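Structure first, then comments.
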Amino acid sequence: MREVMAANREPDTEAMPPAEGEAAVGRAAAGLRPTAARPQQAGNELFDEIEGGRGAVRHQLDEEVALQLRDVSVYYGEFQALDGITFDIPKRRVTALIGPSGCGKSTLLRCFNRMNDLIPDARMVGEITFAGRNLLDPSIDSVDVRRRIGMVFQKPNPFPKSIFANVAFGPRINGFRGDLEALVEESLRRAALWGEVKDDLNKSALALSGGQQQRLCIARAIAVQPEIILMDEPASALDPVATLKIEDLMRELAAEYTILVVTHNMQQAARVSSYTAFLLAGEERTGRLVEFGPTQGIFTNPEDRRTEDYITGRYG
Amino acid sequence: MPRTAFGESQQHAEDGVRLLASRVEKAIVDSMEALRTRNMTLARAVVDGDTDVNQKRYALEEEVLQMMATQAPVASDLRESVSILSIVADLERIGDHAEGIARIALFLGDQPLASTEPDLWVMAEKAREMLRGSIDSFLERDEAAARAICDLDDEVDQIYDRIHRHVIEQLSGLPLDAQEFDSYTHLLWASHNIERMGDRATNICERAIFLVTGRFEEINVSSY
């Protein structure tokens, strides 16, 4: 598998072209190199051709694709965590990744912003095409990727700084030269937190409630104007009211951002997402895609028996 | 099996559907028997028993609503819950049609029914068969059986057409006294009740198909 990665390596790098409307934000100097042009839409034949992509039920998107996954496998040393994940993630929609513990859904989420790079011995093979480039290419600048693909974690993790400083942090280190106050306000508004904190911007972020802290983390992610927001169990540490606020927010944010959410809460997946991907690991604990399609179909009439068993609670 | 509590409440609801259906099936048999033999006690029992059918329907509806609220079923579990809500309404209506036939028996008293009687019993037997078959197909998740039961509705409709034509011919052709006139209109009423039973059983088959396939299909659109 290392040969595959070596073959993908490019000697030089160049910055990714800015996405629409994000010229205002500074950009890391090193970036991504385009891979060969690939069709953004693939027919079933392509899926069938790809080794490891066999057997999953996949819905063909008839809308814009944000991330195109082709035969993505992840290894931690000798252990294979994911095998041949192949599907397309639509642009400006909420896509939920569901599956039992250990099926690799968080591992998959971490592939999208190269978070697995932080784990020694982790190897990723296959292709995740984002803006015409393979995110798994070793030459890709993970700092640039993480600006364009932000992440919100399970436990709110604000910096021990003021509310303002938390939101301003990303734009500052990216060399933002515009109106920082306006950017902070806009980000807090989009995260549905402005009304609650506008008079206390200098207060410590740690003084906020858990739900407010999580929305602050979302504001912090938005402030660097990403295209994709990854959310790993974003509401599992929150009470029901704060959870519903986060869910509302996710639906609103999907008008502008592509959102990928890992959740154990099946009702939450049903409530917030437009598309759902179901992953399952076999006895060897390697996660594979079982079914990907519109959430409505997955929760009313899934095509694969294993999806039905899992969402109706008969798995295991 | 995981989700034991849900599995149990689902089984309980399915048993409830089976019980309600057999209660309604008995109402069909008894009402026809009361009409055939002019057994006024039996006819009265069917009329009185309809209240019980209605109550059982609402109890089942509440049970399923509780299950949906507390267990949040999805996929085929959700389709089954929603289908039961619709099926109990159909069963209750079939019960009402049986009650209608029992009321005709009560109304007719000693008066004879008009001449095409044999058709009426055949028709009622087919409707009863449809009811039982539709519930079986639903509970056994048997799409093919559900479609086959729907075909029986055409036979029920054909008999209804025959009776309807016969009644119209008789009413328009002969000088009838009031009692004869009554007996023809009651024959028409009784056959209409049975025809509606067939339509309701078809509805139940549509739910069986929905439960299996996840698609809503209208089968054998009735012309009545």
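The values are calculated or read from the model by the stated rules, or taken from the named source; none is laboratory data. Because the structure is predicted, anything quoted here is derived from the model rather than measured. No Cβ is skipped: glycine too gets one built from the backbone with ideal geometry, and neighbour counts run over all protein chains shown. Protein only, heavy atoms only, side chains kept; ligands, DNA and RNA dropped before computing areas. Shrake-Rupley method; radii C 1.70, N 1.55, O 1.52, S 1.80 Å.
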Can you give the angle from 0 to 90° between the axis of helix B:75-108 and the longest principal axis of chain B, with both taken from C-alpha atoms, to the nearest 10?
20 degrees
Residues of the protein assembly as shown: accessible area per residue with a 1.4 Å probe, Å²
44 Å²
Need one number: the % of Cα-Cα pairs in the stretch A:137-210 sitting beyond the 19 Å mark.
41 percent
Mean projection of the alpha-carbon convex hull of the stretch B:4-213 over all orientations, in nm²?
11.5 nm²
Interface B:A - total buried accessible surface [probe 1.4 Å, Å², rounded to 100]:
1000 Å²
Using the Cα atoms as the points, what is the convex hull volume per residue of the stretch A:173-316 in Å³?
146 Å³
Rounded to two decimal places and with Rh computed the Kirkwood way over Cα pairs, what is Rg over Rh for the protein assembly as shown?
1.17
Tilt of helix B:40-71 relative to the longest C-alpha principal axis of chain B, in degrees (0 to 90, nearest 10)?
20 degrees
Taking a cut-off of 25 Å, what percent of all Cα-Cα pairs in the stretch B:90-224 are separated by more than that?
31 percent
Most fluctuating residue given options B:Leu60, B:Leu171, B:Leu120, as computed from a GNM of chain B linking Cα atoms under 10 Å:
B:Leu171
Compute the helix-to-body angle for B:178-213: its Cα long axis versus the longest principal axis of chain B, expressed 0 to 90° and rounded to tens.
20 degrees
What residue among B:Arg57, B:Arg162, B:Arg93 has the largest mean-square fluctuation in a Gaussian network model of chain B, using Cα springs under 10 Å?
B:Arg162
How big is the stretch B:74-129 on each of its three principal axes, counting only the C-alpha atoms and giving the largest first in Å?
54, 21, 9
Taking the stretch B:4-213 and dividing mean pair separation by its residue count, relative contact order in percent (alpha carbons under 8 Å, at least six apart)
29 percent
Which of the lysines could be linked to A:Lys245 by a straight reach, that is with a Cα gap under 28 Å, when you skip same-chain ones fewer than 8 residues away?
A:Lys91, A:Lys105, A:Lys155, A:Lys161, A:Lys198, A:Lys203
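What does the net charge come to around B:Glu195 if you take all other residues with beta carbon closer than 15 Å to its beta carbon, with K and R at +1 and D and E at -1?
Result for the neighbourhood of B:Glu195: -4.
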Loop-only check: which GluC sites (Glu not before Pro) in the stretch A:271-300 are DSSP coil with at most 14 other Cβ within 10 angstrom?
A:Glu283, A:Glu284
